[in-house]
Amino acid sequence: MNSSAHFVLPSGPLPSVVVERDAWIRAQRPDLDAARRGLPTDRPAAWLWECEPDGTGGVRPVLTVFLTNRECPWRCLMCDLWHHTTLDPVPPGQIPRQIDVALAAAGPVPPNTRLKLYNAGSFFDPGAIPVADYPAIAQRCRDFESVLVECHPSLVRNGVRVREFSEQILPARLEVAMGLETAHPEILERLNKRMTLEAFCAAAGVLRDVGCSTRAFVLVQPPFMPAALAVEWAERSASFAFSSGIQWVTLIPTRGGNGALEPLREVGAFTPPTLSCLEDAVDAAMASRAGMLLADVWDLERFSEDPSTFQARRDRLEWMNRLQCVLPRVGGG
Ligand code: SF4
């Protein structure tokens, strides 16, 4: 770790004690309780068709289902996934029902389709996805090529639950995605993820032993990261994930708007990355990648400094995702 590891922005109003920090993060949020109480649990929050690189220059169809369920018990500083979660656990039977609704609306599933089941938290959190529902969920997964779920590294535990579900969905292959966020230890601690780099590595090792595919999410320019170090640390974080045995790494530009990042932005402790910063980070991480490297291009326009060049620059990132190589910069980016 070089000296830049210790050069981070002041924490501003964010408390350093976990319990106080947790309460502060909650206090910054808009009050959405009334809307969250009214969320129906018999259908998913959303579903969509998309395409994803297959690692060989082509793409695979992907059906992504956003499940409605209880809020994740962590309160990460940058997370806005709680917006569409319920205040109470979802009763058994509702998650398979939600998948049924998405499958019926999505229509025929082409061969080699991948399924993503996103639950705004950890799939292997029994308070979010009832364990009793695993067989019914698995039954709905078997026709897909693979099934991707997300999980906090702490809930990977010894891998028993992961193995059980991965065996239930056969012949579909299980993929588990975990948020590394950053390999910068001091900033990782302030993100309130309550996870160490060692714990991330250990969870990656368990998933490898279980035999599932693995992904990691890395934030580009998280809070407290000086802009001048954002590219270096995005690349280092991707390298750290690959060296932990992770097969796919997605670089995500840090998005504000969740309530907690705004007071930090006011005191200069958080600045969203520019599109140029994301491009630099992707170029650097792509050049040194030891696995599949993806740029998250969702809602990318908000980071663009120049509307006239945006589409060409977005297209370039999408082609890089597909071809897994660095392409010439376009549009002055
Ligand atoms: S673990 Fe994931 S879902 Fe839970 S609060 Fe953190 S970022 Fe959000």
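In terms of surrounding Cβ atoms within a 10 Å radius of their Cβ, 152, 84, 184 rank from fewest to most as 84, 152, 184. Per residue, the chain reaches -10000 deg cm²/dmol at 222 nm when only DSSP H runs of four or more residues are counted, each adding -39500 (n - 2.57).
Whole-Hz Karplus values for the stretch 47-56 come out as 8, 7, 8, 8, 10, 9, x, 9, x, 10 Hz, taken residue by residue from phi with 6.51 cos²θ - 1.76 cosθ + 1.60 and θ = phi - 60°; glycine and proline positions read x.
Express the relative contact order of the chain as a whole percentage, based on alpha carbon pairs under 8 Å and six or more residues apart in sequence. Computed over the chain, the figure is 16 percent. Between amide H atoms placed 1.01 Å from N, distances below 5 Å from residue 59 occur with 54, all of them 5 or more places distant or on a separate chain.
Is the stretch 261-333 best put as rounded, prolate or oblate by its Cα gyration tensor, with a ≥ b ≥ c the root eigenvalues, rounded for a/c under 1.5, and otherwise prolate when a/b is larger than b/c, oblate when not?
Taking the square roots of the gyration eigenvalues as a ≥ b ≥ c, the stretch 261-333 is oblate.
Counting other Cβ atoms within 10 Å as a rough exposure proxy, the listed residues 198, 145 run 198, 145 from fewest neighbours to most.
The coefficient of translational diffusion for the chain, derived via Stokes-Einstein from the alpha carbon Kirkwood radius under 10 °C and 1.306 mPa s, stands at 77 µm²/s.
Karplus-derived 3J(HN,Hα) values for the stretch 81-98, using 6.51 cos²θ - 1.76 cosθ + 1.60 with θ = phi - 60°, are 5, 5, 3, 10, 10, 8, 7, 10, x, 7, x, x, x, 6, 5, x, 5, 4 Hz; glycine and proline are entered as x. A cut-off of 5 Å between modelled amide H atoms, ignoring neighbours fewer than 5 places along the same chain, links residue 68 with 45. Note on the chain: GNM, Cα springs under 10 Å; of 107, 121, 257, the largest mean-square fluctuation is that of 107.
Computed from the coordinates by the stated procedures, all read-outs in this text should not be read as laboratory data. From a predicted model like this one, the values you see are computed outputs, not experimental measurements. Every residue, glycine among them, receives a Cβ derived from its backbone with ideal geometry; neighbour counts consider all protein chains shown.
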